[in-house]
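Participant: After the structure tokens below, expect a handful of questions from me.
The values are calculated or read from the model by the stated rules, or taken from the named source; none is laboratory data. Everything quoted here is computed from the prediction, not taken from an experiment. Cβ atoms come from the backbone with ideal geometry, glycine included; neighbour counts cover every protein chain shown. These accessible areas exclude ligands, DNA and RNA; they are computed on the full protein's heavy atoms, side chains included. Shrake-Rupley method; radii C 1.70, N 1.55, O 1.52, S 1.80 Å.
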Amino acid sequence: MAKISYLQAIHQALDYEMGQDESVFVLGEDVGKKGGVFKVTAGLQEKYGALRCLDTPLAESNIVGTSIGAAMMGKRPVAEIQFADYILPATNQILSEAAKIRYRSNNDWNCPIVIRAPFGGGIHGALYHSQSVETIFASTPGLKVVVPSTPADAKGLLISAIRDNDPVLFFEHKKAYRLLKEEVPEGDHTVPIGKADIKREGDDITVITYGLCVNYALQAAERLSKDGYEAEILDLRTIYPLDKESIIKAASKTGKVLLVTEDNLEGSIISEVAAIIAENCLYDLDAPIMRLAGPDVPSMPYAPPMEDFFMINPDKIEAKMKELAEH
Amino acid sequence: MPMEEVLMPKLGESVTEGTIENWLVQPGDTVGEYDPLCEVITDKVTAEVPSVFDGTIKELLVDEGDTVEVGTPICLMETEGAAEAGKEDESGAEPSQEAPPASEQVEETPSSGHTGTRDVPKNGKSRISPVVMRLADENDIDLNTIEGTGFEGRITKKDVLKTIEAGPQAAETQPKAAASPEQEATPAPAGQNIVAGDEIPVTGVRKAVASKMVQSSQEIPHAWLMMEVDATNLVNVRNRHKSSFKEREGFNLTFFSFFVKAVAETLKEYPMLNSSWQGDRIVINRDINISIAVAGDDKLYVPVIRNADDLSIKGIAKQVGELAALGRNHKLTQDHMAGGTFTVNNTGAFGSVQSMGIINHPQAAILQVESIVKKPVIIDDMIAVRHMVNLCLSIDHRILDGLVAGQFLKAVKERIEAYSVETTSVY
């Protein structure tokens, strides 16, 4: 197995599925000739032709609308939104149409689309290129929202997403693209959607998070183990619908739960996780549920010190982990 | 068997509940009628509850520190009178019948005491997480035997799991044996940065004072004003009589008595200050009963000088002396405290020169008499050395406004400044 980056893993997944299934095609702004703003789709147009790697106008509602229409005609479109911040014009297509087609047609129709969107900060993208928008979609039944935290998961989850018969939003952390590298199984590698994953075993505290924060939490956990505390890290992987069973099990195991997200604290996905734990694990809790998240300010600033202030990092997680472990 | 219930007595007119401060008897004790059974705290007073029967205490129904309503049974007594009436001719058999329950009682007491404390650890370790409570319950573990390693000594889930692993026998000895190496091995728990001091449970009079103060400051919108009063003549009057008075009467002629006298007289002029807010109406009190604050150790009592306006300065001085002595010895009863309509507080006794009194609910005002201090004062463009004193008045702003409060305080001031060696009699 080769060590590849998070970005390469996503590329591999697209390439593999396009090779496997003729109905799979990608579309988005500059995905073709340019290969995408981050080069995720580089080379796909050359390999599969302009009709299966489609450059679109700068109109997100059109990209998603087209994808829904194509899906109705039996295709499996993978739409790219250049930055998750710009998904909002397509929100109506996603929430009002894609999410509801199966339900409103009494199962006669479904909407097998994937919408890939790079999100998150830490790359000096400033206000409109750093946001976490996943919670906008993580409360709409009919959608699946996936956030991979490792290259192998990214590949496996994207292949599963393309094969899924329902609309899947696939959020990729921009900072993870080139930062994270690992060995990724070649060929047909899938990771089930809707299943959380224990990324590290421990019995002192449980950290539940997703996306890039999983990596940061793993780094923090290694440091914390020098202090004699072992953290269990649960990667949600799919943030909607949540894997309640795994959450309850992991929270009950240690009774001390730290929830981490880069999103703004209030109303974030970890708020829902906290509610699940509060509802199900009261008699297993040994400490108040703790949350670590971005501050409740509109968006990530450009100035590096301010961006650092906003961003989650291993130091912040470690400090919070320690506080919880010592509670 | 003839069994009688002793009920929580009604210790005062507006008293609806009482707190058992401590029991003076134990089950099995024989008591006579009028023997004290327990001390009950109500409104800033500790009263003894006397027995109304001759008999033997069977069971105490209310724990120390618990508050119950008037009329609630507080203990069970086996009464001799009733027993004799019922089974006079079988009195020889009586003791043997009584004996088993008595011995049962002896056995029961420690065991019930044990279960009572088992789940709630002492030393203020009351922050027990749900999982710790559950594990302790499921495994029948006494949390008092576990040394907590969490924040501020909290018992964590792991502490309980370790105790469970160590087994039931080790549970008793574990804390002493395991605690010290445990603490050395654990790298600096955050809790060690904060060293908690001694903890004093809030009970008894302190609790009563606290709740009364909260009530006063929450219900009454306080306003406050202060006037400086020239007490030079008052000092002269008092100094003139001081030693002969003590010799003749056997108690001190205090400055405070002069102030109480002046206030009592002025209250006649301004009856609104002697009133009480009663929700939809203001009740003006006919009697002028001055509450005075008396401190004894950590306790605060507010006994009352009744009809202070009827008394001479000597009469007031006598009552102040008597009440203060009772207070210092914790002998004040509910009767001493009841019926105050206005409070005069001798804050000057400990050197204070300015203070804001909290009104003694449901009164309308409180006057603080501060220290008498020698000061340079300008009189007729000349600098004179005078004995000055600050009078601080807190008023219930629902009843009183600044105007009447100011007029009242000014009248008190004038009365005090009008004391003179020539005209003032202390008798």
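Participant: Roughly how crowded by other chains is peptide A:278-286, in terms of the mean Cβ count from those chains within 10 Å of each of its Cβ atoms?
Facilitator: Average neighbour count from other chains, rounded to a whole number: 4.
Participant: So how far apart, in nm, are the two label points at residue B:335 and residue B:373 if each is 7 Å from Cα heading toward Cβ?
Facilitator: Label at residue B:335, label at residue B:373, 4.2 nm between them.
Participant: What does the C-alpha gyration tensor say about the overall shape of region B:318-361? Classify as rounded when a/c is under 1.5, otherwise prolate if a/b is larger than b/c, or oblate.
Facilitator: oblate
Participant: Hey, what D do you get for region B:297-427 in µm²/s if you plug the Kirkwood alpha-carbon radius into Stokes-Einstein at 37 °C and 0.692 mPa s?
Facilitator: Stokes-Einstein gives a translational diffusion coefficient of 195 µm²/s.
Participant: So, for region A:1-116, what is the accessible surface per residue at a probe of 1.4 Å, expressed in square angstrom? Kindly include the intermediate steps, with their values, before the conclusion.
Facilitator: Numbers: 5280 Å² over 116 residues.
Per-residue accessible area for region A:1-116 comes out at 46 Å².
Participant: What angle, in degrees between 0 and 90 and rounded to the nearest 10, separates the Cα long axis of helix A:6-20 from the longest principal axis of the Cα atoms of chain A?
Facilitator: 40 degrees
Participant: Eigenvalues of the Cα gyration tensor times 5, then square-rooted: what semi-axes does that give for the protein assembly as shown, in whole angstrom, largest first?
Facilitator: 77, 39, 24
Participant: Can you bin region A:204-266 into rounded, prolate or oblate? Criterion: square roots of the alpha carbon gyration tensor eigenvalues sorted a ≥ b ≥ c, rounded for a/c under 1.5, prolate for a/b above b/c, oblate for the rest.
Facilitator: Note, shape of region A:204-266 comes out oblate.
Participant: For the protein assembly as shown, give the percent of accessible area contributed by carbon and sulfur heavy atoms, probe 1.4 Å, rounded to a whole number.
Facilitator: 51 percent
Participant: In region A:295-327, what residues drop by 40 Å² or more of accessible area when the other protein chains are put back, versus the chain on its own? Use 1.4 Å, and skip ligands and nucleic acids.
Facilitator: By number: A:326, A:327.
Participant: What is the interface area between chains A and B, defined as buried accessible area summed over both chains with a 1.4 Å probe, reported in Å² to the nearest 100? Kindly include the intermediate steps, with their values, before the conclusion.
Facilitator: Numbers: alone 13490 and 23260 Å², together 35580 Å².
Using a 1.4 Å probe, the pair buries roughly 1200 Å².
Participant: Additional query: Report, in listed order, any pair from A:174/B:158; A:174/A:253; B:207/B:261; A:316/B:157; B:207/B:246 with a Cα-Cα distance greater than 30 Å.
Facilitator: Correct reply: A:174/B:158; A:174/A:253; B:207/B:261; B:207/B:246.
Participant: Moving on. Is it possible to state the helix-based mean residue ellipticity at 222 nm for the protein assembly as shown, with each DSSP H run of 4+ residues giving -39500 (n - 2.57), the sum divided by total residues, to the nearest 500 deg cm²/dmol? What is it?
Facilitator: Calculated mean residue ellipticity at 222 nm is -11000 deg cm²/dmol.
Participant: Thinking of region A:261-327 as a set of Cα atoms, what percent of all their pairs are more than 16 Å apart?
Facilitator: On the way: 1239 of 2211 pairs.
Taking all Cα-Cα pairs of region A:261-327, the fraction more than 16 Å apart is 56 percent.
Participant: Sort B:213-219, A:284-290 by the packing proxy (mean of other Cβ within 10 Å over each peptide's residues), most packed first. The partial results should precede the final answer.
Facilitator: Working: B:213-219: 13.6, A:284-290: 20.3.
The densest-packed peptide leads the list: A:284-290, B:213-219.
Participant: In degrees from 0 to 90, rounded to the nearest 10, what is the angle of the helix A:212-225 Cα long axis to the longest principal axis of chain A?
Facilitator: Taking the Cα atoms of chain A, the angle to A:212-225 is about 30 degrees.
Participant: Per q in 0.11, 0.23 Å⁻¹, report the Debye log10 I(q)/I(0) for region B:264-372, using one uniform scatterer on each alpha carbon and no solvent.
Facilitator: Listed by q, the Debye log ratios stand at -0.34, -1.39.
Participant: Which FRET efficiency value, to the nearest 0.05, do you get for residue B:222 and residue B:425 by plugging their Cβ-Cβ distance into 1/(1 + (r/R0)^6) with R0 = 41 Å?
Facilitator: Efficiency computed from Cβ-Cβ geometry: 0.65.
Participant: When only C-alpha pairs under 8 Å and at least 6 residues apart count, what is the relative contact order of region B:236-339, in percent?
Facilitator: Numbers: 128 pairs, mean separation 26.6, N = 104.
In percent, rounded to a whole number, it is 26.
Participant: Using only alpha-carbon positions, what ratio does the radius of gyration of region A:1-159 give when scaled by 2.2 N^0.38 Å?
Facilitator: Here the Cα radius of gyration is 1.00 times the empirical estimate.
Participant: DSSP loop (so not H, G, I, E, B), at most 15 other Cβ within 10 Å: list which trypsin sites (Lys or Arg not before Pro) in region B:385-427 pass both filters.
Facilitator: Passing both the DSSP loop test and the Cβ count: B:398.
Participant: Please list the non-local residues whose amide H lies under 5 Å from the amide H of residue A:291, H modeled 1.01 Å from N, same-chain partners needing a gap of 5 or more.
Facilitator: For residue A:291, the qualifying residues are A:259.
Participant: Okay, moving on. Determine how many Å³ per residue the convex hull of the Cα atoms of chain A encloses.
Facilitator: Roughly 125 Å³ of hull volume per residue.
Participant: Let me ask something additional. Can you pull out the GluC sites (Glu not before Pro) in region A:1-43 whose DSSP state is coil and whose Cβ has at most 15 other Cβ atoms within 10 Å?
Facilitator: When the GluC sites (Glu not before Pro) of region A:1-43 are filtered for loop state and at most 15 Cβ neighbours within 10 Å, A:22 remain.
Participant: Follow-up. What list of whole percents do you get for P(r) of region A:8-89, with Cα-Cα distances grouped in 5 Å bins up to the one holding the largest distance?
Facilitator: Spelled out per bin, shortest first, that is 3, 17, 28, 27, 18, 6, 0.
Participant: Would you kindly derive the ³J(HN,Hα) couplings of region A:301-316 from the backbone phi angles with the Karplus curve 6.51 cos²θ - 1.76 cosθ + 1.60 (θ = phi - 60°), listing them in order in whole Hz, with x for Gly and Pro?
Facilitator: So the Karplus estimates, Gly and Pro as x, are x, 7, 3, x, x, 6, 5, 4, 4, 6, 5, 6, 8, x, 4, 4 Hz.
Participant: Another one. Can you run phi through the Karplus equation (6.51, -1.76, 1.60; θ = phi - 60°) for region B:159-167 and list ³J(HN,Hα) in whole Hz, with x for Gly and Pro?
Facilitator: Here the 3J(HN,Hα) series is 4, 5, 4, 4, 5, 5, 4, 5, x Hz.
Participant: Another question about this same structure. Please report how many Lys pairs in region A:29-158 have alpha carbons closer than 23 angstrom, counting only residues at least 8 apart along the chain or sitting on separate chains.
Facilitator: 14
Participant: Sorted by accessible area with a 1.4 angstrom probe, largest first, how do B:277, B:23 fall? Don't skip to the answer; put the middle values down first.
Facilitator: Values: B:277 80, B:23 25 Å².
Descending order: B:277, B:23.
Participant: Same structure again: For the Cα atoms of chain A, what angle does the longest principal axis make with the long axis of helix A:269-280, in degrees from 0 to 90, nearest 10?
Facilitator: Here the helix axis deviates by roughly 50 degrees.
Participant: If you count only protein heavy atoms with a 1.4 Å probe, what accessible area per residue comes out for region A:222-300, rounded to a whole Å²?
Facilitator: For region A:222-300, the solvent-accessible area averages 39 Å² per residue.
Participant: Over chain A, what relative contact order in percent results from Cα pairs under 8 Å that are six or more residues apart?
Facilitator: 17 percent
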